[in-house]
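Throughout, read-outs are computed from the coordinates displayed, never taken from laboratory work. Computed from a predicted structure; not experimentally measured. Cβ: placed from backbone, ideal geometry, glycine included. Neighbour counts: every protein chain shown.
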């Protein structure tokens, strides 16, 4: 198998693994399930990943990296900090029945028992917080935001979104998407010394 063919096969296996995980959950996904869904032997799955834990961690990272690619595009743009903040909130907050959030919630839960998955989860989660901190700090520097503690504000905003995302993802119709958006804008505005309407 050429290197390019191996990369294509690996990418296909990771995409299939993500689909299986979303359907079955991390705890209930077996390497045999991924092999069957991909139409390959279980030996090939073990060739690429060596253990089930490594397969799950790589699949989780693969799914999360797609979101992080969009986040990186926001950061690389020449838009001002307020516009970047609005875009990050839109990217991070759940919309509709989000398979991305289902995978994150499942990943956090399974990370309690799987050290390899916990390392991946922590690294990816910190990327969101570090990026938000960077945007808030830039906004403080240019006078858009008033915030004495950009890292703390980033953690608190992220924590609020995480908590609300779990509620709307797990308990459908407990709160509306509209209410979720209003609460996020209100909390972020308070942290940054702006008006909630500025984030609409």
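Among 60, 145, 49, rank each residue by its count of other Cβ atoms within 10 Å, from fewest to most, as a rough exposure measure.
On the way: 60 27, 145 24, 49 21.
Ranking 60, 145, 49 by Cβ neighbours within 10 Å, fewest first, gives 49, 145, 60.
In the chain, helices alone account for a calculated mean residue ellipticity at 222 nm of -25500 deg cm²/dmol, with every DSSP H run of four or more residues adding -39,500 (n - 2.57).
Quick one: length gained pulling residue 66 to residue 37 fully straight, 0.36 nm per residue minus the C-alpha distance?
Values: separation 29, 0.36 × 29 = 10.44 nm, distance 2.13 nm.
Length difference between fully extended and current span is 8.3 nm.
Note on the chain: Rg/Rh from C-alpha atoms, Kirkwood Rh, equals 1.03.
I need the calculated FRET efficiency for the pair residue 186 and residue 77, taking r as the beta carbon distance and R₀ as 22 Å, to the nearest 0.05. Let's see the in-between values first.
On the way: r = 25 Å, r/R0 = 1.16.
Step by step, r from the Cβ atoms, then E = 0.30.
Which values of log₁₀ I(q)/I(0), to two decimal places, follow from the Debye formula for segment 63-147 at q = 0.13, 0.17 Å⁻¹ with a uniform point scatterer at every Cα? For the requested q values the scattering log ratios are -0.48, -0.75.
Can you order the peptides 130-140, 105-115, 37-47 by their average number of other Cβ atoms within 10 Å per residue, highest first? Mind showing how you got there, number by number?
On the way: 130-140: 19.8, 105-115: 17.1, 37-47: 14.5.
Ranked from most to least packed, the peptides come out as 130-140, 105-115, 37-47.
If you take the Cα centroid of segment 54-117 and the Cα centroid of segment 128-200, the two points sit 15 Å apart.
Relative to the longest principal axis of the Cα atoms of the chain, helix 81-92 runs at roughly 40 degrees.
Rounded to the nearest 0.05, the FRET efficiency derived from the C-beta distance between residue 12 and residue 119 at R0 = 25 Å is 0.50.
Quick check on packing: order 154-162, 167-175 by the mean number of other C-beta atoms within 10 Å, highest mean leading.
In decreasing order of mean packing, 154-162, 167-175 become 154-162, 167-175.
Of the peptides 68-77, 11-20, the order by per-residue mean of other Cβ atoms within 10 Å, starting with the highest, comes out as 11-20, 68-77.
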